[in-house]
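Visitor: Below: one structure in structure tokens.
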Amino acid sequence: MIHALRRILDAVKSETNFDEALLKLVQLVKKTLVSDVASVYLLDETRQHFVLKATVGLNPSSVERATVALDQGLVGLVAQREEPLNIANAHEHPNFHFLEETGESEFKSFLSTPLVERKKVIGVLVVQRRHASKFSVADERFLLTLSTQLASILAALSARSRVFSGQKAEEDGDLNRFAGAKINQGLAIAKAHVLQRHTSFKRIEERRIKNFQKEILSFESACTRLRQDLHSLKKQVCDQLESKELALFDVYINMLEDDAFVGEVYRGIQSGYRATSSLKKVVEHTVESFSSVDDDYIRARASDVEDLGLKLLNRLLPVSKAKSVEKIPSESVILIGEDVSPTTLLEWPRESLAGVISLRGTSNSHMAIIARAIELPAVVGISNLPLDTLDGETIILDAFRGEVIVNPSQRLLSVYEAFLRQEKRVFDDINAEFDQPVKTACGTYIKILANTGFLADAKLALQRGARGVGLYRTEIGFMGFDSFPSEEEQVNLYRQQLACFAPREVCMRTLDVGGDKSLPYFPIRETNPFLGWRGIRVTLDHPEILLVQVKAMLKASEGLNNLQILLPMVTCVEEVDSALRLIHRAFQEVLEEGYKVKMPKIGVMIEVPAAVVMARAFAERVDFISVGSNDLIQYLLAVDRNNPRVADLYQAYHPAVIHTLSMLAQQLENFNIGLSVCGEIAGDAAFAALLIGMGYRSLSMSASNILRVKWVLRRLTINDMEEIVDLARQCESSQECRSVVLGALRHLGIGEIEPRSIKKAQS
């Protein structure tokens, strides 16, 4: 049956018309299960009933006319119970409801399964036979298996159909809402501009040639012109980006000189293939190889290869066949593409961009890095967004929550526009005070720090008035090399950050790889990487890496004395003690080399539940503790936030998170030790108020969130925030907690912390 299953799913997916897809579905199901009837009912959210959308065997005129209430009949029962129903004689079932217009009176046996997408029943699939007998167990298994895979396909096709028909998204419904991963927070409302790929490797046929010299010259010319164009673009944007972001161009240029890429194309040409054909084979093979690797960073490089390959292809093809120049609209737009490349993003004037949406991509992609560098609201990974229907449509890009809303209603549009106006007022209010220390309304000083990884992060953080760096991700610097950087190279990297903020503190985390972070030259392949070899475990197993890194940090701090060192992913005192011994050894060796440096403060990150329990023991050994909230929440809730199937379960306002963070602060309140929080929750203005109410006095966040957090904290007293914590601790769900916190802030005169177009279930 596996072949029949695949045949049905492929047939439905291949249809671009939603109604035709449904008809194809019921035709194939009827044939496969040798039934007399196959029908599909879909939920109409607006009218709150199921509608017969397609059938083979029932009266065709009843399609779109026959409806079933949510609690009515056998269809309603299947939806309510959310499980299959297999009965010999439907007419004898107490829930049977006769739909006269369908002509189903002659059909007795009944088998049905719900269509469930993201925990929600979106429809019901039904097969029927004339004679009164139950369908076989094999039939039931097949229909259930089909429905579990079918729901997501139909949901995507339905979304495309809704957008195409111009249906409006409402404030409290799912209509025309699409979820992805937020890359850079912000909000944008604008028309969609869909990038069209006029050039594609799919159009390139495999062709052989006899004289390959002409093809080699053509390919050499294409490489030369592309190299020149990249140098030119780099020169154009050099004022916008810092050195690490500009290194993207070097990555592309190096690929044009890499024998494993360009050399392979040459060898293909010499073996008798046209330049375009050889390029196609090399690009497709490389992309396939990179994409199959279980590593986010390496997979992200697949899009770089594809982008570079298409740029070369454009320069190889005749002008008539090459990609036409994208016409840049006069008004600001939201740029949307299947896989928006970083160079495409940079080719557009910043004033013409309100935001960017990429159907593919990750937080590690070069596009994501560039979006953050130019402060552009960005969302990636929306696989079901109907790209071919979006051009010119009004789009709300809510990068606070990673949500895209297509064709919003006027009421919904007004909600977001009001939030944008408030945003402007907030930033107008804070411009005059951005460089002032943050004091609550009752006079308590709060330290606001920045998370950095690139020099551009540091530049923006200083512009926003950060009082230092609470988390410098050293692994990002390591990603810019093709092997482990030398001690001297690391000294140069760290000196830039330390000098940029001096005399303010810069907290540098030792190399944190493993889990979702890997270096291309140091791959870590594990079945369960988040529970494997990562963080401090790696550097303790390789003390040569840790010692070189710590010595580089210390040497870079000479004369500045603003260094702090942070140890990631600790779980036990043995790890802390071992790391401390190595750090003190490195310190002594640096002194012996003649450097005049001071011993920096050393801290640990609380990122796993075990570390929460061990916090008191850690506090007796180190100078400060920093809560790595992103990983801590993931481990507490057993949720990978980058997995779209469970990402909605990653909830910062979960009662377990609230109680854990509160308990940790209480545990350490009598210790004379620095206690801070870094991660997304620190940059969430509402959650920041919660953290201060719990007792935390230092928050480290993305530079783009600093102004909002400052604005909120300055307008609240410690007592206000403690009362909000008391309310939050009484909540039993994430939804309730978020609603209570946001409501309390509104009551205190703060206004809207985020757009209010949250679905009711989330508000």
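The values are calculated or read from the model by the stated rules, or taken from the named source; none is laboratory data. In this text the structure is predicted, and so the values were computed from the model without any measurement. Positions of Cβ are generated from backbone atoms using ideal geometry, with glycine treated the same way; all protein chains shown enter the neighbour counts.
Visitor: Cβ-Cβ under 7 Å, sequence separation 6+ or interchain: first residue in region 346-369 and over 23 Å from Lys235 (Cα atoms), partner of a type in the set (Phe, Trp, Tyr). Which pairs?
Guide: Hits for this filter: Asn364/Tyr297.
Visitor: Okay, moving on. Here are some residues: Arg746, Arg715, Arg708, Arg697. Which one is of a type in the set (Lys, Arg), more than 12 Å from Thr440 (Cβ to Cβ) and assigned by TED's automatic domain parsing to the domain that holds Ile658? It would help to see each step written out before you state the result.
Guide: On the way: Arg746 fails: assigned by TED's automatic domain parsing to the domain that holds Ile658; Arg715 fails: more than 12 Å from Thr440 (Cβ to Cβ); Arg697 fails: more than 12 Å from Thr440 (Cβ to Cβ).
Among Arg746, Arg715, Arg708, Arg697, only Arg708 is of a type in the set (Lys, Arg), more than 12 Å from Thr440 (Cβ to Cβ) and assigned by TED's automatic domain parsing to the domain that holds Ile658.
Visitor: Next question, about the same structure. Yes or no: region 501-509 includes at least one residue that is free of Cβ contacts under 8 Å to residues at least 40 places away in the same chain, in contact with a helix residue (DSSP H, G or I) (Cβ under 9 Å, 6 or more places away or on another chain) and not polar (S, T, N, Q). Let's see the steps before the verdict.
Guide: Taking region 501-509 as the starting set, the residues that turn out to be free of Cβ contacts under 8 Å to residues at least 40 places away in the same chain are none.
No: region 501-509 contains no residue that is free of Cβ contacts under 8 Å to residues at least 40 places away in the same chain, in contact with a helix residue (DSSP H, G or I) (Cβ under 9 Å, 6 or more places away or on another chain) and not polar (S, T, N, Q).
Visitor: Okay, next question. Among the residues of region 637-646, is any polar (S, T, N, Q), farther than 22 Å from Ala688 by Cβ and touching a residue at least 60 places away in the same chain (Cβ under 8 Å)?
Guide: Our first condition is that a residue be polar (S, T, N, Q); within region 637-646, this holds for 642-643.
Adding the requirement that they be farther than 22 Å from Ala688 by Cβ leaves 642-643.
This time we only want the ones that are touching a residue at least 60 places away in the same chain (Cβ under 8 Å), so: 642.
Yes; the residues of region 637-646 include at least one that is polar (S, T, N, Q), farther than 22 Å from Ala688 by Cβ and touching a residue at least 60 places away in the same chain (Cβ under 8 Å).
Visitor: Yes or no: Ser133 in the same structural domain as Gln27 (by TED's automatic domain parsing), under 30 Å from Val406 (Cα atoms) and touching a residue at least 12 places away in the same chain (Cβ under 8 Å)?
Guide: Working: in the same structural domain as Gln27 (by TED's automatic domain parsing): yes; under 30 Å from Val406 (Cα atoms): no; touching a residue at least 12 places away in the same chain (Cβ under 8 Å): yes.
No, not satisfied.
Visitor: Looking at region 684-708, which of its residues are within 19 Å of Thr660 (Cβ to Cβ) and in a helix (DSSP H, G or I)?
Guide: Matches in region 684-708: Ala686, Phe687, Ala688, Ala689, Leu690, Leu691, Ile692, Gly693, Met694.
Visitor: Take Ile606 and tell me if it is touching a residue at least 12 places away in the same chain (Cβ under 8 Å) and under 27 Å from the mean Cα position of the chain (by Cα). Don't jump to the end; show me each part of the working.
Guide: Details: touching a residue at least 12 places away in the same chain (Cβ under 8 Å): yes; under 27 Å from the mean Cα position of the chain (by Cα): yes.
Yes.
Visitor: Please state which one of Val40, Val34 is assigned by TED's automatic domain parsing to the domain that holds Lys108, assigned to a strand (DSSP E or B) and among the β-branched types (Val, Ile, Thr). So that I can check it myself, show each step before the final result.
Guide: Details: Val34 fails: assigned to a strand (DSSP E or B).
Testing whether each residue is assigned by TED's automatic domain parsing to the domain that holds Lys108, assigned to a strand (DSSP E or B) and among the β-branched types (Val, Ile, Thr) leaves just Val40.
Visitor: Name the one entry in Leu308, Leu376, Leu335 that is at pLDDT 80 or above and in a helix (DSSP H, G or I).
Guide: Working: Leu376 fails: in a helix (DSSP H, G or I); Leu335 fails: in a helix (DSSP H, G or I).
Among Leu308, Leu376, Leu335, only Leu308 is at pLDDT 80 or above and in a helix (DSSP H, G or I).
Visitor: Which residue is nearest to Thr474 (Cα to Cα), if the candidates are limited to region 549-571 and must be more than 31 Å from the chain's Cα centre (by Cα) and not in a helix (DSSP H, G or I)?
Guide: Only one residue tops the list, namely Leu563.
Visitor: Continuing with this model, one more query. I need a count of the residues in region 338-356 that are at pLDDT below 85, among the small types (Gly, Ala, Ser) and within 10 Å of Ala371 (Cβ to Cβ).
Guide: So the answer is 0.
Visitor: For region 628-642, does any single residue satisfy the condition of being crowded, with 20+ Cβ neighbours inside 10 Å and either aliphatic (A, V, I, L, M) or closer than 23 Å to Asn719 by Cα (or both)?
Guide: Within region 628-642, one or more residues are crowded, with 20+ Cβ neighbours inside 10 Å and either aliphatic (A, V, I, L, M) or closer than 23 Å to Asn719 by Cα (or both).
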